[in-house]
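Quick notes on the structure that follows.
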Amino acid sequence: MSNRQLKTCVITGAAGGIGRALADEFHRAGYEVIATDRVTRPEYLSCDHYLQIDLASLVEDEAYAKNTFARIREFLGGRGLNALVNNAAIQILGGADSLTREDWRQTLDVNLVAPFLVTQALLHELESVEGSVVNISSIHARVTKKNFVAYATSKAALSAMTRALAVDLGPRVRVNAIEPAAIETGMLKAGFEGKPELYRQLEACHPQKRIGQPEEVAHLALAMVKSGMSFLQGACIGIDGGIANRLFDPG
């Protein structure tokens, strides 16, 4: 049996910028990657298996969820799950005057409830090989800005859930989180299309004077699940270029 057959990884939201970097990183490290997203499989995505699933439907529809988890277990073929990376998220912008009930429902379902349900459903497979969960949270779990009310709340709850699950599961399964700041993804660049000066301002806000790269998040995720890190439990680690430490004021 080859090394690639010995380790398994499930990554949600694998079609996005960070998701693709995660799939590349774990695949190169010898993991058999089961990737999921709500879109059709992107070209050149590094994975051994791909599932097109909708996490909102997984939360709302128990039959849909059972079928999804059964398909993941088919790919695992009776083996344990070494790593689960809950990366998928949606970002609906709006403030107290504009956010709707549906905005809140979608945000919390995808960003918070789905990671819990996926972790819960695959708990046996994770525990059987002393596996590890990495939740991709956000700097918005700690500090935020205007019109990020729903997103920031969901990410703060995801980080809190990470800590609570670590206490709940103890040595059975490790659960940690990454809280990135601005990462250079297609979504970020699309938001700054035609606004190069604003993008440069965003870079300058970070003490590192640049935007983070998806590969940096992926490197950290892999390091967190590797053997020899068993005392890392319930940690929420920022990868933010130092911006969370910076005070902005008129002075």
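Quick note: the coordinates plus some simple rules give every number you see, no bench work behind them. Note that the structure is a prediction, hence the values are computed from the model and not measured. All Cβ positions, glycine included, derive from the backbone under ideal geometry; neighbour counts span all protein chains shown.
Loop only per DSSP, at most 14 neighbouring Cβ atoms within 10 Å: give me the GluC sites (Glu not before Pro) in the stretch 1-67, ordered by residue number. Of the GluC sites (Glu not before Pro), the ones in loops of the stretch 1-67 whose Cβ has at most 14 other Cβ atoms within 10 Å are GLU43. Cross-link partners for LYS195 among the lysines, with Cα-Cα distance under 24 Å and sequence neighbours closer than 8 places in the same chain left out: LYS145, LYS146, LYS209.
Quick one: which of 126-135, 220-229 comes out on top by average Cβ neighbours within 10 Å, and what's the full order, highest first? List each step's numbers first, then the result.
Details: 126-135: 21.2, 220-229: 16.3.
The most tightly packed comes first, giving 126-135, 220-229.
Please give me, ordered by residue number, the chymotrypsin sites (Phe, Trp or Tyr not before Pro) of the stretch 1-109 that lie in loop per DSSP and have at most 16 other Cβ atoms within 10 Å. Don't skip to the end; give the middle numbers.
On the way: sites: PHE26, TYR31, TYR44, TYR50, TYR64, PHE69, PHE75, TRP104; in loops: TYR44.
Sparse-neighbourhood loop chymotrypsin sites (Phe, Trp or Tyr not before Pro): TYR44.
Close amide-amide hydrogen proximity is noted between LYS7 and GLU32, each under 5 Å apart and 5 or more residues distant or on a separate chain (H modeled in the peptide plane; Pro and chain starts excluded). Between the amide H of ALA177 and those of ASN135, ALA235, CYS236, ILE237, distances stay under 5 Å, these residues lying 5 or more places away or on another chain, with hydrogens modeled in the peptide plane. Residue by residue, the stretch 34-48 carries 3J(HN,Hα) couplings of 9, 9, 9, 6, 8, 9, 5, 4, x, 5, 6, 6, 7, 7, 8 Hz when phi is fed to the Karplus relation 6.51 cos²θ - 1.76 cosθ + 1.60 (θ = phi - 60°); x denotes Gly or Pro. Bridging of LYS226 to lysines at a Cα separation below 28 Å is possible for LYS7, LYS155, once same-chain residues fewer than 8 apart are set aside. Please list, ordered by chain and number, the residues whose modelled amide H lies under 5 Å from the amide H of LEU51; skip anything fewer than 5 residues away on the same chain. Long-range HN contacts for LEU51: ALA35, THR36, ASP37. Across the stretch 1-61, the relative contact order, built from alpha-carbon pairs under 8 Å that are at least six residues apart, equals 31 percent.
Using a Gaussian network model of the chain in which every pair of alpha carbons under 10 angstrom is joined by a spring, one finds that among ARG172, ARG210, ARG105 the greatest mean-square fluctuation is at ARG105.
Qualifying GluC sites (Glu not before Pro) in the stretch 173-229, where qualification requires a DSSP coil assignment and no more than 12 other C-beta atoms within 10 Å, comprise GLU193.
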